[in-house]
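What follows is a set of notes on a single structure, which appears directly below.
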Amino acid sequence: MTTNFTLPRPLRRAGSLASTRTVRIVILGQAAVGKTALTVRFITKRFIGEYDPTLETIYRHELSVGGEVVRFEILDTAGQEEDALLIEEKIKWGDGFVIVYSVTDRCSFDEVMRLCFLVNHVHAASRRSSMEPPPVVIVGNKKDLEFDRMVTTEDGENLSKGLKLRFREISAREGCEETAEVFHALYRDVLQLLSCSPTSFRRRAVSKLMEKIPRIHSTSTSSSTLGPSGRSFSFSSFRDLPQD
Ligand code: GDP
Ligand code: MG
């Protein structure tokens, strides 16, 4: 599907970069914080309730921005117990990052700092060392579960201020717009970084590890995968929860 929303016109990319219109976003965070829910909410505008928590997917989603098509590639990560090499490959792949915790889970909040450090460390150690740190949005999800809250809004704000990162508190379950705004803000930050440091978008060869991750293309309504792994999904295979 192609969604329209209003954003400043993308900055022109120089020379050989002109054809690049893809922004890669990696969703990180502990298990069960709502990474898949928020990703699928952004892409389909629906709240998906239950599905395989081990599912790891790259979603391709195209948006018309100022008359130009921008392709989001969103890596919705799954296992947080994976080996260091694999997580590093995923972080190297990304242009921008959404680091998610659940406001109902203190442990997931404590993990945010480590993930932020990891993202900065991996990017600084890679060939992108000369550039600014990559854009990151810290997201406190499940704010609808007020009675189960263990992390205050102020906790999230203070952490983000300390790390000089954007912060949003959202409910993937209840809010479509606020979920989309996370991705829009990140997109703007990526464009901003691009204008300061165009070389940051020179793509390196994608590792074999990344090629194994199944892909879902959502430019058509019958979104089906074209992943080289041969696995196939469709959004209709997820079970929708009734909307409140
Ligand atoms: P992931 O492991 O980080 O991908 O987490 P999931 O997206 O699988 O979500 C884990 C569980 O939390 C599922 O049962 C979701 O229905 C639920 N969930 C996700 N986001 C929200 C939210 O904003 N509010 C509520 N109440 N539940 C949510
Ligand atoms: Mg998931």
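The values are calculated or read from the model by the stated rules, or taken from the named source; none is laboratory data. Just so you know, these numbers come straight off a predicted model, no measurement behind them. Glycine also receives a Cβ, built like all others from the backbone with ideal geometry; neighbour counts cover every protein chain displayed. Note: areas computed on protein heavy atoms with side chains; ligands, DNA, RNA excluded. Shrake-Rupley method; radii C 1.70, N 1.55, O 1.52, S 1.80 Å.
Per-structure values
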read-out	value
Net charge contributed by nearby residues that have their C-beta within less than 10 Å of Val103 (K/R +1, D/E -1)	-2
Peptide ranges 138-146, 107-115 listed from the most packed, as the mean C-beta count within 10 angstrom indicates	138-146, 107-115
Estimated distance in nm for a label pair at Arg71 and Tyr51, the labels positioned 7 Å out from Cα along Cα-to-Cβ	2.0
Sequence-distant lysines (8 or more away, or on other chains) whose Cα lies within less than 21 Å of Lys90	Lys35, Lys208, Lys212
Karplus-derived 3J(HN,Hα), 6.51/-1.76/1.60, for each residue of region 135-146, Hz, glycine and proline x	x, 9, 10, 8, 10, x, 9, 6, 5, 5, 8, 4
Phe47 accessible area, 1.4 Å probe, all protein chains in place, Å² to nearest 10	30
Nonlocal amide H pairs with Val136, under 5 Å, H built at 1.01 Å	Phe97, Arg166
Per-residue ³J(HN,Hα) for region 42-57, Karplus 6.51 cos²θ - 1.76 cosθ + 1.60, θ = phi - 60°, Hz, x for Gly and Pro	5, 7, 9, 6, 10, 9, 9, x, 10, 6, 5, x, 8, 5, 10, 9
